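J.: Please find one structure pasted underneath; my questions will follow.
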Amino acid sequence: LRIRIQQMAEQKGNAFVRGLFRMTLMVAEAGARNHIRKWNDGIYRNVCFNSGVGGLWRIVCTAHKEGDHILFDYTGTSPENDSARNCMPWVVVCYVALHMYSHGFHDLPVCAGTLVPTDYLIPDGTVISPNWDAAISIAPNVGELNNDLLPKLFACMMFNSEDRLEI
């Protein structure tokens, strides 16, 4: 890919390549906003539980969907624990993106532009936003809990839209 981009820059110029990347971001953002706009406005909640060394904890997600924007609020998630079952906030955002790309945004370019109409409230000191020196070697298992949370949230938002078959 690097070689192809370099060739394109040599043939068409750096300004063209920068413009192409910018256009990709703009198309992705507009497409994401168009999809989200068609879904039901509302507040959607889901919670999942997990256990392991360190006890039982929960991850709570409340999706506030209004117009062409979604706020994913993780307030109520359990505090950071002494085990390695903690993960950093960007892991959570990545799992949200993975779900959106496979359900609803499958026809859009995979880039940061599709995430522009989403925001995240992930409280510090939780299992999904621990202190910088927390143990995180089992972070993927914690982040994957979004695979339990998100399908229900998106199913509720999308159930009577033209995207319902993406659920």
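J.: Take the residues in the stretch 155-167 that are assigned to a loop (DSSP other than H, G, I, E, B) and either among the charged types (D, E, K, R) or in contact with a Leu (Cβ under 9 Å, 6 or more places away or on another chain) (or both); name whichever of them is modelled with the highest pLDDT. Give the derivation first.
T.: First, pick out the residues of the stretch 155-167 that are assigned to a loop (DSSP other than H, G, I, E, B): 159-163, 167.
Narrowing further to those that are either among the charged types (D, E, K, R) or in contact with a Leu (Cβ under 9 Å, 6 or more places away or on another chain) (or both): 162-163.
Numbers: Glu162: 82, Asp163: 79.
Once the filter is applied, the top-ranked residue is Glu162.
J.: Can you go through Arg45, Arg4 and tell me which one is farther than 22 Å from Ile167 by Cα, of a type in the set (Lys, Arg) and out of contact with any Asp or Glu (no Cβ under 6 Å at 6 or more places or on another chain)?
T.: Details: Arg45 fails: farther than 22 Å from Ile167 by Cα.
Result of the check over Arg45, Arg4: Arg4.
J.: Regarding Ser83, is this residue open to solvent by less than 70 Å² (accessible area, probe 1.4 Å), free of Cβ contacts under 8 Å to residues at least 60 places away in the same chain and not in a helix (DSSP H, G or I)?
T.: So Ser83 fits the description; yes.
J.: Which one of these is modelled with pLDDT of 90 or more, closer than 18 Å to Arg37 by Cα, of a type in the set (D, E, K, R) and open to solvent by 60 Å² or more (accessible area, probe 1.4 Å): Asp133, Asp124, Asp119, Asp68?
T.: Going through Asp133, Asp124, Asp119, Asp68 in turn, the sole match is Asp119.
J.: A follow-up question, please. When the stretch 10-54 is examined, which residues are found to be in contact with a strand residue (DSSP E or B) (Cβ under 7 Å, 6 or more places away or on another chain) and part of a strand (DSSP E or B)?
T.: Answer for the stretch 10-54, where residues must be in contact with a strand residue (DSSP E or B) (Cβ under 7 Å, 6 or more places away or on another chain) and part of a strand (DSSP E or B): Gly42, Ile43, Tyr44, Arg45, Asn46, Val47, Cys48, Phe49, Asn50.
J.: Filtering the stretch 138-154 down to residues that are open to solvent by less than 30 Å² (accessible area, probe 1.4 Å) and assigned to a helix (DSSP H, G or I), which residue is nearest to Tyr44 (Cα to Cα)?
T.: Only one residue tops the list, namely Leu153.
J.: Of all residues in the stretch 25-46, which are open to solvent by less than 50 Å² (accessible area, probe 1.4 Å) and among the polar types (S, T, N, Q)?
T.: Asn40, Asn46
The values are calculated or read from the model by the stated rules, or taken from the named source; none is laboratory data. Here the structure is a predicted model, which is why all the values come from computation and not from measurement. When we count neighbours, we look across all protein chains shown, and the Cβ atoms used for this are built from the backbone with ideal geometry, even at glycine. Only protein heavy atoms, including side chains, enter the accessible area calculation; ligands, DNA and RNA are left aside. Shrake-Rupley method; radii C 1.70, N 1.55, O 1.52, S 1.80 Å.
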